[in-house]
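No value in this document is a laboratory result; all are computed from the given coordinates. Here the structure is a predicted model, which is why all the values come from computation and not from measurement. Here the Cβ positions follow ideal geometry from the backbone for every residue, glycine too, while neighbour counts run over all protein chains shown.
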Amino acid sequence: MKRRVLVIGASSGIGRSIANAAAAANCRVALVARREAQLAQVLQECGGDGVAITADVTAEQDCERLARQAAAELGHLDAVFYSAGVSPLVPTSRLTTDAWLTALRINVIGASLAMKACISHMSPSGVIAYLSSTSLGKRRHGGIVYQASKAAMEEALVVLRVEHPSCRFVNVSVGATSGTELVRDRDPALAKLLAPEWAKRALVSENLMHATPLGQTIFRMIEPVLDYPSAFVTDIRIEESGSDPADASKLAGPHPDPQLRPGVQPLPARPTGDRCGRGCVRRHPRPPRQRLSSRQSAFQFSGIKRFTSRPFSAERSDRHGTARAARCH
Ligand SMILES: NC(=O)c1ccc[n+]([C@@H]2O[C@H](COP(=O)([O-])OP(=O)(O)OC[C@H]3O[C@@H](n4cnc5c(N)ncnc54)[C@H](OP(=O)(O)O)[C@@H]3O)[C@@H](O)[C@H]2O)c1
């Protein structure tokens, strides 16, 4: 009998590729997204054996309807892939309730409500797979709502597993992928501003994965799980080889965008060393140390450059009077 697969977020990117891979593996598919025309095209790519359901996961009734409609068309569902998602770039200075809600509504609330609606339509030991990201835990400027929303849903899966042991919930974390529309709503100017900082922290991979082979890989990894109903598979992680999150998380530096921290100007960059492609630093030899008074050393240690940039010996010429006046300004 043909397997029945529901893909939520099937109109583009990774979801579209998962749908194509499922159809190529002789499954019947139910495809969900908001854009009707794109969805119809994907159903055509899939050979037309299935149903396209236009729905918005931010609407609770749509989550119920999409599960009902998919089950009515296909029968019980063997696998559900939740690939709907948004990834807004939001530095803290631009953080708003709306920015939070956009990400949470699709990446967390919609995901959990759609899963809730699907559970009663799943075949025994069916699999519900959630598309998460390997960006979790990486120090990435602008990633606050995206990374937090993915982390929230990963935690929700932990609870869903104990509350619904008849169903298997698999977290599929993937790395940066091209051939998708995930960044279509991002402010290009902001992305350009943050890009060098990401590159400096080894957070930009030169070899992105592509949505087409990635979607096929995800489907082919879930397929054997369906064949093995007692297997307890919780996490799958797929990223391009060469990324090293441990290195990246060790690197820290000043914020790249002065406007994001009003009133604070970044210190001029000091040539401290050369970086290799993996983020390792070869340090330049230090200049010889100046002898400083204990008070001046303390300023330098705390990074208050305004005080240490003055030639202290000139201040000392007038002993305490001039020197103190200079510091007060
Ligand atoms: N691309 C990457 O680098 C990357 C990396 C790690 C993880 N991921 C994750 O992989 C998943 C798929 O992303 P992608 O890169 O393939 O992005 P994508 O091409 O933008 O696909 C997102 C899909 O979600 C659908 N969608 C968005 N909002 C929706 C809503 N309110 N209701 C119903 N459907 C909605 C979109 O269709 P409509 O607009 O037609 O509704 C689209 O089909 C996401 O969860 C993403 O976080 C992606």
- request: Could you check the simple spin-label distance between Glu181 and Gln41, using points 7 Å along Cα→Cβ, in nm with one decimal?
  value: 0.8
field: With eigenvalues of the C-alpha gyration tensor scaled by 5 and rooted, region 162-202, Å
entry: 34, 14, 10
- line: Between the residues Ile222, Ser178, Leu101, the Cα farthest towards the positive end of the dipole of region 4-250, that dipole coming from +1 and -1 charges on the beta-carbon of Lys, Arg, Asp and Glu, is from Leu101
- prompt: What is the magnitude of the charge dipole of region 46-143 about its Cα centre, with +1 placed on the Cβ of each Lys and Arg, -1 on the Cβ of each Asp and Glu, and no other charges, expressed in debye to the nearest 20?
  reply: 600
- request: Multiply the residue gap between Val158 and Ala189 by 0.36 nm, knock off their C-alpha separation, and tell me the result in nm, one decimal place.
  value: 7.4 nm
message: Principal axis extents for region 96-135, Cα atoms only, whole Å, descending order, please.
response: 42, 23, 6
- request: Using the Karplus curve 6.51 cos²θ - 1.76 cosθ + 1.60 with θ = phi - 60°, work out ³J(HN,Hα) for each residue of region 152-165 in order, rounded to whole Hz, and write x for Gly and Pro.
  value: 4, 6, 4, 5, 4, 4, 4, 6, 4, 4, 7, 6, 10, x
statement: Binned at 5 Å starting from 0, the alpha-carbon pair-distance distribution of region 4-250 in whole percents comes out as 1, 7, 14, 19, 20, 17, 11, 7, 4, 1, 0
- prompt: Most exposed first by the Cβ proxy, i.e. fewest other Cβ within 10 Å, how do Leu208, Leu104 rank?
  reply: Leu208, Leu104
